[in-house]
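Contents: one structure, followed by commentary.
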Amino acid sequence: PYGRLNHFGHPDADVRRYYVDWFKTFADISADLGASGMGTQFAIFTHKDFDDPQRRAALLDIALECWREVAEHARAAGLTYLFWEPMSVGRE
């Protein structure tokens with residue numbers, strides 16, 4: 001997907017699930033192409049979610065769990081690392 005989507009930081013669980021599955025497929029494709037790793041930005045939070053400390057903390061935990069699930073799949077596919085692109089905006 002276009003890299004500026006908020007995938008794992010999306011407020012809708014169904015959207016997050018779609019992107020967990022999408023990134024698992026990305027891991028499979030990356031491994032099939034001989035890549036050793038893959039990545040994107042960590043997550044993007046809405047302004048509303050980022051400005052609410054409790055909501056931000058909850059979504060941070062959710063995003064980490066999404067990445068854990070993708071990482072386990074990526075490891076099984078043969079990848080050795082994932083990376084997060086450092087972003088210049090706090091909510092990204």
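Mind listing whichever residues of region 67-92 are surrounded by 10 or more Cβ atoms within 10 Å (Cβ to Cβ) and free of Cβ contacts under 8 Å to residues at least 24 places away in the same chain?
Once the filter is applied, which keeps residues that are surrounded by 10 or more Cβ atoms within 10 Å (Cβ to Cβ) and free of Cβ contacts under 8 Å to residues at least 24 places away in the same chain, region 67-92 yields 68, 71, 72, 75, 76.
Residue 81 versus (1) more than 19 Å from residue 9 (Cα to Cα); (2) touching a helix residue (DSSP H, G or I) at 6+ places or on another chain (Cβ under 8 Å); (3) of a type in the set (Phe, Trp, Tyr): which is the lone unmet condition?
(2)
Out of everything in region 72-92 that is among the charged types (D, E, K, R) and at pLDDT below 95, what residue ends up being farthest from residue 25 (Cα to Cα)?
Among them, the one singled out is 91.
Would you pick out the residues in region 14-38 that are surrounded by fewer than 16 Cβ atoms within 10 Å (Cβ to Cβ) and under 14 Å from residue 64 (Cα atoms)?
17, the sole residue that qualifies.
Evaluate region 34-54: report whether one residue or more is assigned to a helix (DSSP H, G or I), without any contact (Cβ under 8 Å) to a residue 40 or more places away in the chain and not charged (D, E, K, R). Working first, answer last.
Narrowing region 34-54 to residues assigned to a helix (DSSP H, G or I): 47-51, 53-54.
From what is left, the residues that are without any contact (Cβ under 8 Å) to a residue 40 or more places away in the chain are 48, 51, 53-54.
Filter once more, keeping what is not charged (D, E, K, R): 53-54.
Yes, region 34-54 contains at least one residue that is assigned to a helix (DSSP H, G or I), without any contact (Cβ under 8 Å) to a residue 40 or more places away in the chain and not charged (D, E, K, R).
If I go through region 59-92 residue by residue, how many of them are of a type in the set (Lys, Arg) and part of a helix (DSSP H, G or I)?
Qualifying residue count, region 59-92: 2.
The values are calculated or read from the model by the stated rules, or taken from the named source; none is laboratory data. Not measured: the values here are computed from a predicted model. With ideal geometry, Cβ positions are generated from the backbone for all residues, glycine too; neighbour counts draw on all protein chains shown.
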